[in-house]
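Worksheet: one structure, shown below.
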Amino acid sequence: MGNKKSQEATDSGAPISRRVLLNRIWALAGGLAFAELIILLIAFFRPRRPRSDISAQDAVIIAGAVDRFEPGTVSAFVQGKFYLARLEDGGFLAMSRTCTHLSCTVPWVAGEDRFICPCHASEFDIRGDVINPPAPRALDLYAVSIENNVLKVDTGKLTRRSEFSTDQVTYPKST
Amino acid sequence: MEEKDQRKYFRNLLLHFRPSTVPERTLRLSLTWGLGGMAVVLVFLLIATGLLLKFIYEPVPGSAYDSILYLQSRVPFGQLLRNLHRWSGNALILLTFLHFLRVFYTGAFDPARRFNWTIGLILFAAVVFSNFTGYLLPWDQIAYWAITISTSMLDYLPVVGVGIKRLILGGTEPGTATLMNFYAIHTAILPALLLFILPFHFWRIRKANGLVIPRSPSEDTGYPGPQVDAMPHLIVREVTTALILLAVILLISMFYNAPLADQANPGLSPNPTKAPWYFMGIQELLMHFHPVFSLLVLPSMLMVGLFALPYIDDPTETAGTWFRSRKGRKMALIAMGVSIIGTVAGVLLDEFQFGLNPSGPPDMITNGLWPFAIILAFCAGFYLLMKKLFSATGSEVIQAIFTLLATAFVVLTVIGIWFRGAGMQLMWAG
Ligand code: HEM
Ligand code: FES
């Protein structure tokens with residue numbers, strides 16, 4: 001490759017020899033091909049999409065009529081993998097059952113009025129707030145909507161939160 | 001005449017990676033303890049048993065567990081096959097770790113060997129990840145939840161963590177994509193990688209003119225001693241070690257079955273849920289430190305330290321001498337004692353004084369920066385004290401610090417495996 005002649009040509013700023021030019025084009029083409037390969041690989045390994053497209057509709061789960069749920073209780077929805085909590089003041093929260101510490105599934109322990117994680121003993125109250133670490137955040141939320149007194153939970157989108165605040169609660173229209 | 005031909009034959013075949021003669025002293029058991037050789041045997045045993053398992057195992061969540069049950073109950077010697085693969089996998093991690101310790105404590109990472117130290121660390125990583133990816137495959141409760149919590153640790157890595165987790169899992173939680181990812185990595189990529197890297201490991205040994213020459217502390221460097229023919233002297237020792245190891249693994253596999261719990265159930269976490277045993281040290285760290293420290297800062301500092309070691313410390317002067325010198329051995333023993341007491345005391349103190357049930361989530365400062373600073377200060381203090389007390393060489397003090405950290409890691413792992421029960425509470429034995 002870089003023989004003496006071409007070396008001089010480049011050093012002196014004079015027009016570079018054909019050989020050097022061709023070599024550089026080759027290197028460039030090789031680099032591009034390599035970059036393409038990397039992009040291809042990344043695209044290939046991107047998290048797989050579900051085989052059949054779940055429409056936004058399917059992600060919405062109809063939980064039932066508002067008055068089916070007593071204040072101060074928590075109901076588990078196995079299919080949607082969430083808990084529906086009705087707070088003492090009548091408001092609703094839909095929470096993921098996945099512990100925010102290391103993703104174990106948290107059961108609601110009715111006798112103690114709290115979620116207790118079996119893995120590293122994190123505890124959450126009925127609003128999903130952390131009572132006991134190591135969990136760093138309150139349980140994640142799903143959006144709840146109420147139409148004609150029927151509760152719907154959108155399991156398509158998970159919302160992270162650090163702690164409970166009142167604007168996360170959905171209230172039924174007082175009638 | 002006949003014997004000569006035979007030797008030639010062996011020289012061509014078995015000695016492909018070995019020199020025809022080796023320094024006699026490197027044959028001593030008290031140098032290598034046969035650890036590297038045993039690791040090689042296990043790599044091949046794992047590949048052989050793994051290939052057989054591939055004919056039975058089905059890598060889809062719906063049938064993976066059933067295929068394991070089928071293997072165990074219907075396939076002749078199926079249970080034995082699974083046991084062999086499982087116990088060899090665990091033994092390989094243990095033996096590789098011990099081999100790593102022997103290389104460190106005999107100072108076999110001098111400039112001629114330091115590139116091999118790097119290769120060794122990569123091999124170690126490949127061994128651990130092989131085991132980890134294999135752990136998921138039975139798709140039982142142990143597997144599912146161990147992988148869930150181990151991969152969820154990645155959530156705590158700032159910026160890239162969540163993305164890496166999604167990439168590994170092929171989604172947000174373990175499922176079909178996860179199992180297929182793990183299967184491909186476990187049965188193709190990592191074995192290929194191991195088989196590709198191992199020859200480099202052996203080639204570097206030849207390049208360094210064989211292993212370090214073992215010497216007692218008072219002996220001088222420089223005199224390598226006589227050479228002997230590799231065949232039979234080395235080969236016979238290797239084959240003997242291999243046969244004994246195979247017999248032991250076979251015996252263990254006949255009497256102890258590989259664990260299998262109920263089929264994976266994403267709705268029910270067992271109590272307690274534990275990471276695979278070799279990650280238990282990290283899981284234990286996670287119980288005491290803010291995740292940014294236990295999962296990012298401490299491990300990456302250790303990693304950098306290990307890779308940099310042969311470039312910071314040149315053990316040429318003492319290579320081949322266990323623990324560098326008599327003084328070095330004494331210092332290492334002290335470091336070990338201090339570390340055992342310190343780690344146990346630290347865990348207990350954190351559990352019953354600070355860590356247990358504070359109100360509010362773990363804090364970056366009180367659970368992260370402070371204890372981290374205390375540990376750093378402790379190590380620095382120990383370093384200075386050792387240096388002063390023993391007027392030791394750099395090599396000896398680095399060895400003491402290494403011992404301090406390695407012992408702490410082992411103690412944390414032991415606590416995680418044997419002293420954590422339901423709800424991850426501390427408990428006595430069991
Ligand atoms: C799959 C894992 C590994 C296998 C199969 C393996 C295999 C071997 C074998 C057969 C030897 C010959 C002598 C002996 O038995 O000690 C050896 C030497 C050596 N290994 Fe490994 N090894 C592995 C991992 C490691 C690790 C984790 C390290 C350290 C980071 C390492 C560093 C070395 C070095 C520096 C030598 C040369 C020692 C000397 O010259 O005395 N190896 N290895
Ligand atoms: S996963 Fe829930 S406490 Fe660790």
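With a 10 Å cut-off around each Cβ of A:116-124, the average count of Cβ atoms from other chains is 6. Considering only alpha-carbon pairs that sit under 8 angstrom and 6 or more positions apart, the relative contact order computed for segment A:56-168 is 25 percent.
The label point for B:E24 and the one for A:D167, both projected 7 Å from the Cα toward the Cβ, are 8.4 nm apart.
Since only B:W277, B:A264, B:P174 are under comparison, the one whose Cα sits farthest along the positive direction of the charge dipole of the protein assembly as shown, derived from C-beta charges on Lys, Arg, Asp and Glu, is B:W277. Pairs exceeding 30 Å between alpha-carbon atoms, taken from A:K157/B:K165; B:K207/B:K387; B:K165/B:K274; B:K54/B:K165: B:K207/B:K387. Label segment B:138-184 by shape, choosing from rounded, prolate and oblate, from the square roots a ≥ b ≥ c of the eigenvalues of the Cα gyration tensor; if a/c is under 1.5 it is rounded, and otherwise prolate applies when a/b is larger than b/c, oblate when it is not. In terms of gyration-tensor shape, oblate.
Other residues whose C-beta falls under 15 angstrom from the C-beta of B:W139 contribute a net charge of -3, scoring Lys and Arg +1 and Asp and Glu -1. This ranking places B:V297, B:V103 by how few other beta-carbon atoms lie within 10 Å of each, fewest first, which gives B:V297, B:V103. Computed over the alpha-carbon atoms, segment A:56-168 gives an Rg to Rh ratio of 0.94, Rh here being the Kirkwood radius from the mean inverse distance.
Taking a ≥ b ≥ c as the square roots of the Cα gyration tensor eigenvalues, with a/c under 1.5 meaning rounded and otherwise prolate when a/b beats b/c, else oblate, which class fits segment B:271-430? Verdict is prolate for segment B:271-430.
Hydropathy first: keep DSSP H helices in chain B averaging at least -0.5 on Kyte-Doolittle, then drop any whose Cα extent along the axis falls short of 24 Å, and list what survives. Span-like helices in chain B: B:35-53, B:78-105, B:114-136, B:190-207, B:230-255, B:326-349, B:370-390, B:394-418. With a 10 Å cut-off around each Cβ of B:162-169, the average count of Cβ atoms from other chains is 2. Extending 7 Å from the Cα toward the beta-carbon at both A:T73 and B:S391 defines two label points whose distance is 8.1 nm.
The length gained on full extension between B:D314 and B:L268, counted as 0.36 nm times the residue separation minus their Cα-Cα distance, comes to 11.3 nm. Derived value for the protein assembly as shown: Kirkwood hydrodynamic radius 28.2 Å. Basis is the mean of 1/r over every pair of different alpha-carbon atoms. Shape descriptor for chain B: Rg over Rh equals 0.98 (Cα atoms; Rh from the Kirkwood inverse mean 1/r).
Across chain B, Cα pairs under 8 Å and at least six residues apart give a relative contact order of 24 percent. Of the residues B:L384, B:G368, B:I68, the one whose Cα sits farthest toward the positive end of the charge dipole of the protein assembly as shown, with +1 on the Cβ of Lys and Arg and -1 on the Cβ of Asp and Glu, is B:L384.
Dipole orientation for segment B:271-430: of the candidates B:G394, B:T413, B:V344, B:G394 has the Cα lying most toward the positive pole (charges on Cβ; Lys, Arg +1; Asp, Glu -1).
With both labels modelled 7 Å from their Cα along Cα-to-Cβ, the B:L349 to A:L32 distance reads 6.3 nm.
Read-outs throughout are calculated quantities, based only on the coordinates presented, and are distinct from any laboratory measurement. These numbers were taken from a predicted model, which means no experiment stands behind them. All Cβ positions, even for glycine, are placed from backbone atoms using ideal geometry, and neighbour counts span all protein chains on display.
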